[in-house]
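Engineer: First the structure, then my questions, so here it is.
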Amino acid sequence: GYGAVLRSSLVFGSRTSYTGAVQKGGGVRLMPGGLIENCTIARNYSSSIHGGVYMAGGAITNSIIVDNAAAGAPNDVSYSDWIVFSCSPDLTNGAGNITNYPVFAEPGSGYGTNALPSSCRLVMNVSPCLDKGTNLEWQAGALDLDGKTRCYRGYVDMGAYELHASPGTIMTIR
């Protein structure tokens, strides 16, 4: 609805099947005043346009919108000046936006209700979305979708999950 906020969430495997204007956006229909922050929106389908997000207004920050499909272009999201520090192949402009694939640990396959599972978690030292978000006031002390600290290495990651490095093992061989 108008003014709604979606934060640190995963929108995965949704589908719209009606071709009317109300059904644009297989994952999310963002209305004026609404916010999407630190979300991953993947593998959704629209029988109309905008498989990931249809923007009728609002703003998107620090989010990944990728691997969505639609009967009509664009597949992921339409360009908007109100999308910043986000990752999607459809975002060719905008502050901090990147078009490179985010590199998920398990990318999954399919779209909408036929989507096969994906972890939608980023790969260490490979993903271009690591530490590329912009820090927002609400993130101080906030947790990601896994319940982990949101700003782990000083800068927030794009998407619903903040990558925390696993403890390593140091061996000395003589």
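Here's the yes/no breakdown for (1) in contact (Cβ under 8 Å) with a residue 12 or more places away in the chain; (2) closer than 24 Å to residue 163 by Cβ; (3) over 11 Å from the mean Cα position of the chain (by Cα):
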position: 51; (1), (2), (3): yes, no, yes
position: 55; (1), (2), (3): yes, no, yes
position: 61; (1), (2), (3): yes, yes, no
position: 67; (1), (2), (3): yes, yes, no
position: 82; (1), (2), (3): yes, no, yes
position: 87; (1), (2), (3): yes, yes, no
position: 103; (1), (2), (3): yes, yes, yes
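Engineer: From the residues in region 137-146 that are under 17 Å from the mean Cα position of the chain (by Cα) and open to solvent by less than 50 Å² (accessible area, probe 1.4 Å), which one is farthest from residue 41 (Cα to Cα)? Please lay out each step first, then the result.
Structural biologist: First, the residues of region 137-146 that are under 17 Å from the mean Cα position of the chain (by Cα): 139, 143-146.
If we keep only those that are open to solvent by less than 50 Å² (accessible area, probe 1.4 Å) as well, we get 139, 144.
Numbers: 139: 19, 144: 15 Å.
Here the residue is 139.
Engineer: While we're looking at this one, here's another question. Does residue 159 satisfy the condition of being at pLDDT 90 or above and at positive phi?
Structural biologist: yes
Engineer: Within region 149-162, which residues are over 14 Å from the mean Cα position of the chain (by Cα) and closer than 16 Å to residue 39 by Cβ?
Structural biologist: 150
Engineer: Same structure again: Run down 20, 52, 25, 3 and say which single residue is open to solvent by less than 20 Å² (accessible area, probe 1.4 Å), at pLDDT below 90 and either closer than 27 Å to residue 146 by Cα or among the charged types (D, E, K, R) (or both).
Structural biologist: 25
Engineer: In region 116-134, how many residues are among the hydrophobic types (A, V, I, L, M, F, W, C) and either in contact with a helix residue (DSSP H, G or I) (Cβ under 6 Å, 6 or more places away or on another chain) or open to solvent by less than 30 Å² (accessible area, probe 1.4 Å) (or both)?
Structural biologist: Number of matching residues: 4.
Engineer: Right, something else. Just for region 37-49: of the residues that are assigned to a loop (DSSP other than H, G, I, E, B) and either within 12 Å of residue 25 (Cβ to Cβ) or not hydrophobic (A, V, I, L, M, F, W, C) (or both), which one is most open to solvent (accessible area, probe 1.4 Å)? Let's see the steps before the verdict.
Structural biologist: To start, the set of residues in region 37-49 that are assigned to a loop (DSSP other than H, G, I, E, B) comprises 38-39, 43-44.
Next, from what is left, pick out any that are either within 12 Å of residue 25 (Cβ to Cβ) or not hydrophobic (A, V, I, L, M, F, W, C) (or both): 38, 43-44.
Details: 38: 0, 43: 22, 44: 0 Å².
Checked region 37-49; the qualifying residue most open to solvent (accessible area, probe 1.4 Å) is 43.
Engineer: Assess whether residue 78 counts as being polar (S, T, N, Q) and surrounded by fewer than 20 Cβ atoms within 10 Å (Cβ to Cβ).
Structural biologist: Yes.
Engineer: Moving to a separate point now. Report yes if residue 112 is open to solvent by less than 70 Å² (accessible area, probe 1.4 Å) and either touching a Pro at 6+ places or on another chain (Cβ under 6 Å) or not hydroxyl-bearing (Ser, Thr, Tyr) (or both), otherwise no.
Structural biologist: Yes, satisfied.
Engineer: Could you check region 124-134 and list, in sequence order, the residues that are under 16 Å from the mean Cα position of the chain (by Cα) and free of Cβ contacts under 8 Å to residues at least 40 places away in the same chain?
Structural biologist: 127, 130, 131
Engineer: Here is a follow-up. Can you spot a residue in region 22-39 that is of a type outside the set (Lys, Arg) and in contact with a helix residue (DSSP H, G or I) (Cβ under 6 Å, 6 or more places away or on another chain)?
Structural biologist: Within region 22-39 (the criterion being of a type outside the set (Lys, Arg) and in contact with a helix residue (DSSP H, G or I) (Cβ under 6 Å, 6 or more places away or on another chain)), the answer is no, since none of the residues qualifies.
The values are calculated or read from the model by the stated rules, or taken from the named source; none is laboratory data. Computed from a predicted model, the values in this text were never measured in an experiment. Virtual Cβ from ideal backbone geometry, glycine too; neighbours counted across all protein chains shown. Note: areas computed on protein heavy atoms with side chains; ligands, DNA, RNA excluded. Shrake-Rupley method; radii C 1.70, N 1.55, O 1.52, S 1.80 Å.
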